[in-house]
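Have a look at the structure that comes next, please.
Coordinate-derived values only; no laboratory data. Every value quoted in this text rests on a predicted model; they were computed, and no experiment measured them.
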């Protein structure tokens, strides 16, 4: 069966519309509020003017070292929210919001374990490629090696992108088994799934850039600097949460389509 991105998109958007009150509430708790709090407490400073590459690297390292203690729990909370939303959208038992949240947190540990395993594999590949390219002493080889690692990371991410639905919806709690299941489901569908995800991210990125640029000008004209910064953070967090919610629904629709045998398209929750 070939993955049909148009059908997946229609099912994802229909599921969001049908469950918008509950879904928006969950997205607000797990995506919007944490992102907004992070933006307000850890605003990204402007890089120093005229800084060279080493200074820019040091500047970025200092920022992320400061923000890392907040980034880790934020990522964990958003992962739990994603798993809860997947459960709410796809579980045929029609769980309540409270039960979906409990399932999301119960699935959190195997999901994080699966991501760590995948990350360790990519880090190992990065080390091997870096060592090999460093031994050649050719800068072009180093650049080609980094490009190869980037392509490999995108490919692996697409192949394991259904790990969350597999763990939350199918109840497969073994991280290795979940990774294998996602790998099997996406076999032969990598390019189609990549284009599906890429178009969603691209559209939201364009919208986010345009809205922030226009609203930034207007807010700077009508509000004091501090209030304008807060308003911009609210807008950015809201749009980012919308993208996260759409991606979760897209994951649910993709899994529902590919997990059904004989081309039968699994249903999302429409009530």
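Restricting things to alpha carbons, find the Rg to Rh ratio for region 73-137 using the Kirkwood radius for Rh.
1.29
Continuing with the same structure: If you project the alpha carbons of region 52-179 onto their three principal axes, what span does each projection cover, largest first, in Å?
Projected onto the principal axes, the Cα atoms of region 52-179 cover 58, 32, 19 Å.
Using only alpha carbon pairs under 8 Å that are at least six residues apart, calculate the relative contact order of region 5-263 and give it in whole percent.
It rounds to 29 percent for region 5-263.
Could I ask something else about it? Compute log10 of I(q)/I(0) for region 1-68 with the Debye formula, placing one identical point scatterer on every Cα and leaving out solvent, at q = 0.21, 0.27, 0.29 Å⁻¹, to two decimals.
Log10 of I(q)/I(0), two decimals: -0.88, -1.14, -1.17.
Distances longer than 18 Å among the Cα atoms of region 148-198: what percent of all pairs is that?
The calculated P(r) of region 148-198 puts 31 percent of pairs beyond 18 Å.
Add -39500 (n - 2.57) for each DSSP H run of 4 or more in the chain, then divide by its residues: what number comes out at 222 nm, to the nearest 500 deg cm²/dmol?
Value at 222 nm, helices only, nearest 500: -27000 deg cm²/dmol.
Please work out the ratio of the alpha-carbon Rg of region 171-238 to 2.2 N^0.38 Å and round it to two decimals.
My calculation over the Cα atoms of region 171-238 gives 1.82.
Per 5 Å bin, what percent of the C-alpha pairs of the chain does each bin hold, from zero upward?
Taking all Cα pairs of the chain, the binned fractions are 1, 5, 10, 13, 16, 17, 14, 10, 8, 4, 2, 0, 0 percent.
Would you calculate the volume per residue, in Å³, of the smallest convex hull containing every Cα atom of region 200-260?
53 Å³
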